[in-house]
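Since every read-out is calculated from the coordinates, none of them should be taken as a lab result. Note that this is a predicted model, so its numbers are computed, not measured. Positions of Cβ are backbone-derived with ideal geometry, glycine not excepted, and every protein chain shown enters the neighbour counts.
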Amino acid sequence: MLKFTAIMLDGMNYAAWLFLVAVGLTLIYGVMRILNIAHGAFYAIGAYVCASALGVFYAAGLPGALAFAVMGVVALVAGVIVGLAVERGVLRFLYGRDEVLMVLVTYALFLILEDAVKLIWGVESYFVYQPYAYFGFIEINGLPYQVYDLMIVALAIVLGIALWFWLERSRMGRMTTAVVADREISAAMGINVTRIFATTFAIGTVFAVIGGVVTAPKISVTPGIGAEVIILAFAVVVVGGLGSIPGAAIGALFAGYARAMSVHLAPAYELFAIYAVMAVVLAIRPHGLFARASGRKI
Amino acid sequence: MMKTDFRREPLYIAILAGLLILGFFLPSWLRFLLQTAMAGGLVAVGVSLQMRAGLVNFGQGLYYALGGYAVGMLAAQAGITDIFLLLIAAVVVSTVAGVILGLLLSRYREIFYAMLSLAVSMILYGLLVKAAWLGSTDGFNIPSLSYLGWTPSRAVRPDVYYITTAILTVLACLATARYLTSGAGMLCEAVAENEIRLEYLGANPRKVAFIVIVVAAALSGLGGGLLAMSTGHVDPLMTNWTTSGGFVFVALLAGRGSTIAPMIGFFLLELVRNYALDLAPNAWQMILGAVMLMVILLLPEGLWSLVERRRKA
Amino acid sequence: MKLETLTLGLAGAAFAAGAAIAQDGEPIELGIPVFLSGAASGPFGLPQQNGANVLIEALNAGEVPAPYDTVGINGRMVEATYVDEAADPVQEYRNLVEREGVDAVVGYTSSGNCKAVAPLAEQLEQLTVLVDCGTPQIFESVVTDPTYLFRTGPTGTIDSVGAVRYLVDTGVDMSRVAGINQNYAWGQDAWADFTGSLTALETDSEIATEQFPQVFAGQYGAEVSALLTSSANAVHTSFWGGDLEAFILQAAPRGLFARSAVVMTTGEAAMQRLPDEIPEGAIIGARGPYSYFAPDTELANWFRDAYEAEHGTLPSYPAWKMAQAILGLKAAWEKADSDDPAEIAAAFENLEFETPAGTVRMAIGNGHQAIQGIAYGTFAKDDEGNPTVENVISYSAECVNPPEGQTAAAWIEAGFPGAQCE
């Protein structure tokens, strides 16, 4: 019973984190057909910026509750700045190119950003654990869980629904959906595709940065955290179907529970869990679980 | 996409052979770089071949690792040190893997083929990391190898290994060129462009894809075997997605103009990386990334387009 | 890096010109491969580079206490070239040896890199001193008849053997034991050594759970839950760097350290970084008699003070291991009193030399592998609130290292035959 509770909660915690980390990636691919490897660097930048900002914040002795507001603001600002800089500065010259070439471009950007982060923040690790301990822990079935982790779950749900709502209901969101379906016709209908691209990339980047910001308080922020996240994000996004937000959620749940079950029941195989899930899902549904059907052009 | 002019291919391969002969006289660290670049270059050629058919393999390191580990395990554990047997084994093992995976994967395309091949290569990575008897992430070392009974002495061993690598690389390029001018080879690009038309014309795209996967696997296995011989060491990183990604990048950067393009591209990339490490040990990744970006922005058809441009002018 | 080396060289040359003791001669080039990028750069590369710099500067100025108070190495100034061991180690080694023409290579932390480079050192007949690398296999199987290859740091075997002994000696209930180690060679070996030592010391432990998260996973929520639900009394981890720090941050608030005795074999490095987060009573190791476990000698205190003066923090164990590698090289070089690598290597074999961490004996691996003791203690804060260790138990080198001629694995399995513990 205890193990079951643990698996349920651990799976959910990990799934929520995976969703936050991966949803930006799937959004950008869905709209712009760019598989953004630099996504990992954005995550790292989020973590480092959070550590620095909160470092200043706590040194100034400001009240702990405000820290969360700071985190939100930092994520938004950093995400928009970095996202627009990359999109306007590099990517917009390369639209329309081969999809795989874009992967190469984003990989080159990833390398550059990783070293930039290292040059700015150095190689030593940063900590900002105060928010993590702020709400303390609760015991569920005798097992202590940090309330912060459960709040990440809440955040993932809220943001996921907000994003879906934006795509389905808001004007900009519906235009984005049109661009996903057919870029040419959308442009012919008068949609400013360039603006949609910039906005989407910024939103995707903000999500990546949010991933880093909320994670920073529970880890040691060091070089290399970006690279670890990319492959996980890919696996989640591919399982769910590239370009699908609900798919990212389902993919995150699959991967999260696969890992939780593996850790509690067969820890020796935990390394495989995510790739096995990926391989199995793709073998059955090559486009992922929720991929949009696209017509074959003759 | 740049069309390949196969009439000039034998000339290019002859140029490669010439370069490799000259390479024999390079300073030893640079020659070693060239040698390992040849091994890796074969894998990049394999990736390049698949890319013609629209298949981007982000897990080509799997065959590379299988070739390397085949050589390693036979030499270190079964005591077989004959280089010919070992390299044949490397090619056989990777070809068999190519056949199996080809049957499974030949119906996928583009990003999905990429993701599945990545997943499979990472599963192999996980298996190798779990295998403590194979040294896990440390890998293991390979004893000195022999040639039909003759074991080169320590003094001449590097020379002998270099010559072996050079000869086999040139032969592999010739074989690849031959494949590309064959029916199955030429149909690859048709698969990438329009599969449905290809079906209407009576060809079987799945079969074309299958063949290219197997040929690429064989080449990569040979590359892995040559690398094992050259460095005397194998480890699971050979099948990690970062290594596979490296091959994809070389294939893209080099362009498709010739089979020797990925070879030279790999060597240039390794050279850039070496000098970046030397000049800026704290910022070499940035330099590498910047160089890659410049090549993409300035040379959209890959580095080989420099050769083509001069020819047209 | 090059500018720093040049300045170092110039400063050293200036001192040499002034001091009458120094001989005339070209500076000694040391090639020093350490982690300059990636996750290992913070916990390993940086302290190793800092430690090397502190020591080399002091050597060139003749400021190191006895018995190393002569200038440079054998009268020649020392210069260092740092390369990143995260890139292609075999190629980089060749570059150092064949392109740069260094006199000696001193470095390497990753076992994989050590194993790849070891045969090359012998093949190229290049004096090479391995600084870290946990694996005992270097001289057990990779290079069984070494001439030019040396390792001045003990293997990872002592970590687990010492950990088990400490747990037993401090009376921890060993009936249920759990482990969380990174899923790669280092973590796998550490856990295998740990469970093997449990059997050897007949603790009759039941393994409650053995967790193997991916290296650099960073997220250990599920693993910590598994450890908590396993009701283990003792938990072993060989986590290092960012993973160890994340583990502490995620496990301590959830009460793992309160429920079990957690032994962190590389915990010393985290002590300075997270003094407020490590719970009192957590068991700390430093992979040898380094840092807080160092003896109270002039050399140790000098090194600690010089490092802190230069870098503002106390040196963590990788810095100590780098320092003793360079000092070992100096000791061998000066004993040989020659610049011929073969003679230096011959002098290095079976050498016994003093280091800030005490005496190091090149006693196994045909005289090429160092042995040292190890100490464990519990984390505490002293009266000024600084981190320190209490309840320290030290184990001699002969207690935790296999004897010459026997592999570590066989020695553990046989129940530590020939071990001399008090």
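Between residue B:110 and residue C:100, what FRET efficiency comes out of the Förster formula 1/(1 + (r/R0)^6) with R0 = 41 Å and r the beta carbon distance, rounded to 0.05? The partial results should precede the final answer.
On the way: r = 45 Å, r/R0 = 1.10.
Result of the calculation: an efficiency of 0.35.
So who's got an amide H within less than 5 Å of the one on residue C:355, skipping anything under 5 residues away but keeping other chains? H placed 1.01 Å off N, in plane.
Amide H to amide H, under 5 Å and 5 or more residues apart or across chains, residue C:355 pairs with C:360.
Mind ranking A:241-254, A:59-72, B:61-74 by how tightly packed they are, going by the mean number of other C-beta atoms within 10 angstrom, highest first? Don't skip to the answer; put the middle values down first.
Numbers: A:241-254: 24.4, A:59-72: 12.4, B:61-74: 28.9.
Per-residue Cβ counts within 10 Å, averaged per peptide and sorted highest first, yield B:61-74, A:241-254, A:59-72.
If you add up the charges near residue C:216, with Lys and Arg at +1 and Asp and Glu at -1, over every other residue whose beta carbon is less than 11 angstrom from its beta carbon, what do you get?
Summing Lys/Arg as +1 and Asp/Glu as -1 gives -2.
Report the local net charge at residue C:90: Lys and Arg +1, Asp and Glu -1, summed over other residues whose C-beta lies under 14 Å from its C-beta.
Values: positive: B:31, B:273, C:94, C:99, C:115; negative: B:138, B:235, B:270, C:84, C:85, C:88, C:92, C:98, C:122.
Net of charged neighbours comes to -4.
Can you give me the long-range amide H partners of residue C:235? Hydrogens built in the peptide plane at 1.01 Å from N, cutoff under 5 Å, separation of 5 or more residues or another chain.
Here C:178, C:261, C:262, C:263 satisfy the definition.
Which helices, taking whole DSSP H runs in chain B, have alpha carbons extending 27 angstrom or more along the helix axis plus mean Kyte-Doolittle at least 0.0? Before the final figure, lay out the partial values.
Values: long enough: B:28-52 (35 Å, 0.93); B:83-105 (32 Å, 2.91); B:110-130 (30 Å, 1.65); B:157-181 (36 Å, 0.83); B:205-231 (39 Å, 1.51).
Membrane-span-like by this rule: B:28-52, B:83-105, B:110-130, B:157-181, B:205-231.
Please check: in the Gaussian network model of chain C (C-alpha springs, under 10 Å), which one of C:266, C:135, C:209 has the largest mean-square fluctuation.
Maximum fluctuation in the GNM of chain C, among the listed residues, is at C:209.
Over the protein assembly as shown, what is the percentage of antiparallel beta bridges among all DSSP beta bridges, to the nearest 5? Show your work: numbers first, answer last.
Values: 25 of 57 bridges.
Percentage antiparallel, nearest 5: 45.
Quick one: among B:90, B:131, B:261, which has the greatest mean-square fluctuation in a GNM of chain B with alpha-carbon springs under 10 angstrom?
Of B:90, B:131, B:261, the most mobile in the Gaussian network model is B:131.
What order do you get for C:277, A:168 when you list them from fewest to most C-beta neighbours inside 10 Å? Let's see the in-between values first.
Values: C:277 18, A:168 11.
Starting with the residue having the fewest Cβ neighbours, the order is A:168, C:277.
Restricting things to alpha carbons, tell me how big the protein assembly as shown is in terms of Rg and Dmax, in Å.
28.7, 90
Rounded to two decimals, what is the ratio between the C-alpha radius of gyration of chain C and 2.2 N^0.38 Å? Provide the component values of the computation, followed by the final result.
Working: Rg = 21.0 Å, N = 422, 2.2 N^0.38 = 21.9 Å.
Relative to the rule-of-thumb radius for its length, chain C sits at 0.96.
So, R0 is 45 Å and r is the distance between the beta-carbons of residue B:25 and residue C:404; what FRET efficiency does that work out to, to 0.05?
Values: r = 45 Å, r/R0 = 1.00.
E(calc), rounded to 0.05, equals 0.50.
Work out from phi, with θ = phi - 60° and the Karplus expression 6.51 cos²θ - 1.76 cosθ + 1.60, the ³J(HN,Hα) of each residue of region A:102-108, listed in order in whole Hz, and give x for Gly and Pro.
5, 4, 4, 4, 5, 5, 4
Short version: ³J(HN,Hα) in whole Hz for each residue of region C:152-162, in order, from phi by Karplus 6.51 cos²θ - 1.76 cosθ + 1.60 (θ = phi - 60°), x for Gly and Pro, what are they?
Result, rounded to whole Hz: 8, x, x, 7, x, 4, 5, 4, 6, 4, x.
List every residue whose amide H lies under 5 Å from the amide H of residue C:82, counting only residues 5 or more places away in sequence or on a different chain, with H placed 1.01 Å from N in the peptide plane.
Those qualifying (amide H under 5 Å, at least 5 residues apart or on another chain) are C:32.
Which GluC sites (Glu not before Pro) in region C:100-173 sit in a loop by DSSP (not H, G, I, E or B) and have at most 15 other Cβ atoms within 10 Å of their own Cβ?
Working: sites: C:100, C:122, C:125, C:140; in loops: C:125.
Sparse-neighbourhood loop GluC sites (Glu not before Pro): C:125.
Give the aspartates and glutamates whose C-alpha is closer than 15 Å to that of residue C:381, dropping any in the same chain fewer than 8 places away, or say none.
Cα-Cα hits under 15 Å: C:268, C:276, C:277, C:280, C:390.
Report ³J(HN,Hα) in whole Hz for each residue of region C:35-45, in order, from the Karplus equation J = 6.51 cos²θ - 1.76 cosθ + 1.60 where θ = phi - 60°; Gly and Pro get x.
The phi angles translate into 7, 9, 9, x, 5, 8, 6, x, x, 10, x Hz.
Relative contact order of region B:6-312, please, whole-number percent, based on alpha carbon pairs below 8 angstrom and at least 6 residues apart.
Working: 499 pairs, mean separation 107.7, N = 307.
Computed value for region B:6-312: 35 percent relative contact order.
Once you have a ≥ b ≥ c as the square roots of the Cα gyration tensor eigenvalues for region B:165-204, tell me rounded if a/c is under 1.5, and otherwise prolate or oblate according to whether a/b is larger than b/c. Don't skip to the end; give the middle numbers.
On the way: a/c = 5.64, a/b = 3.47, b/c = 1.62.
Prolate, because a/c is 1.5 or more and a/b exceeds b/c.
Rank B:157, B:197, B:109 by mean-square fluctuation in a GNM of chain B with C-alpha springs under 10 angstrom and give only the top-ranked residue.
The residue that fluctuates most here is B:197.
Say each of residue C:192 and residue A:165 gets a label point 7 Å from the Cα, pointing the same way as Cα to Cβ; how far apart are those two points in nm?
In this crude label model, residue C:192 to residue A:165 measures out at 5.5 nm.
Which ordering of B:233, C:311 is given by a fewest-first count of other beta-carbon atoms within 10 Å? The partial results should precede the final answer.
Details: B:233 26, C:311 16.
Placing the least packed residue first, the sequence is C:311, B:233.
Can you give me the relative contact order of region A:62-220 as a percent, contacts being Cα pairs under 8 Å and 6 or more apart?
Details: 107 pairs, mean separation 68.3, N = 159.
Here the relative contact order equals 43 percent.
Roughly what would the spin-label model give for residue A:62 and residue C:420, points 7 Å off Cα along C-beta, in nm?
Output for this residue pair reads 6.3 nm.
For a test of the definition: using alpha carbon positions, the gyration tensor, and the 1.5 limit on a/c, classify region A:1-108 as rounded, prolate or oblate.
Values: a/c = 3.17, a/b = 1.30, b/c = 2.44.
Here region A:1-108 falls in the oblate category.
Report, in degrees rounded to the nearest 10, the 0 to 90 angle that the Cα long axis of helix C:241-251 makes with the longest principal axis of chain C.
So the helix axis and the longest Cα principal axis differ by about 20 degrees.
Count the net charge of all other residues whose Cβ sits under 13 Å from the Cβ of residue B:289, scoring Lys and Arg as +1 and Asp and Glu as -1.
On the way: positive: A:118, B:273; negative: A:114, A:115.
After counting each charged neighbour, the total is 0.
Calculate, for residue B:85 and residue C:349, the FRET efficiency according to 1/(1 + (r/R0)^6) with r their C-beta to C-beta distance and R0 35 Å; round to the nearest 0.05. Mind showing how you got there, number by number?
Numbers: r = 38 Å, r/R0 = 1.09.
With R0 = 35 Å, the Cβ-Cβ based efficiency is 0.40.
Label-point separation (nm) for residue B:294 and residue A:194, each offset 7 Å from Cα along Cα-to-Cβ?
2.8
How would you rank B:13, C:412, going from fewest to most other Cβ atoms within 10 Å of each one's own Cβ? Spell out each step's value before the answer.
Details: B:13 22, C:412 25.
In increasing order of surrounding Cβ atoms, one gets B:13, C:412.
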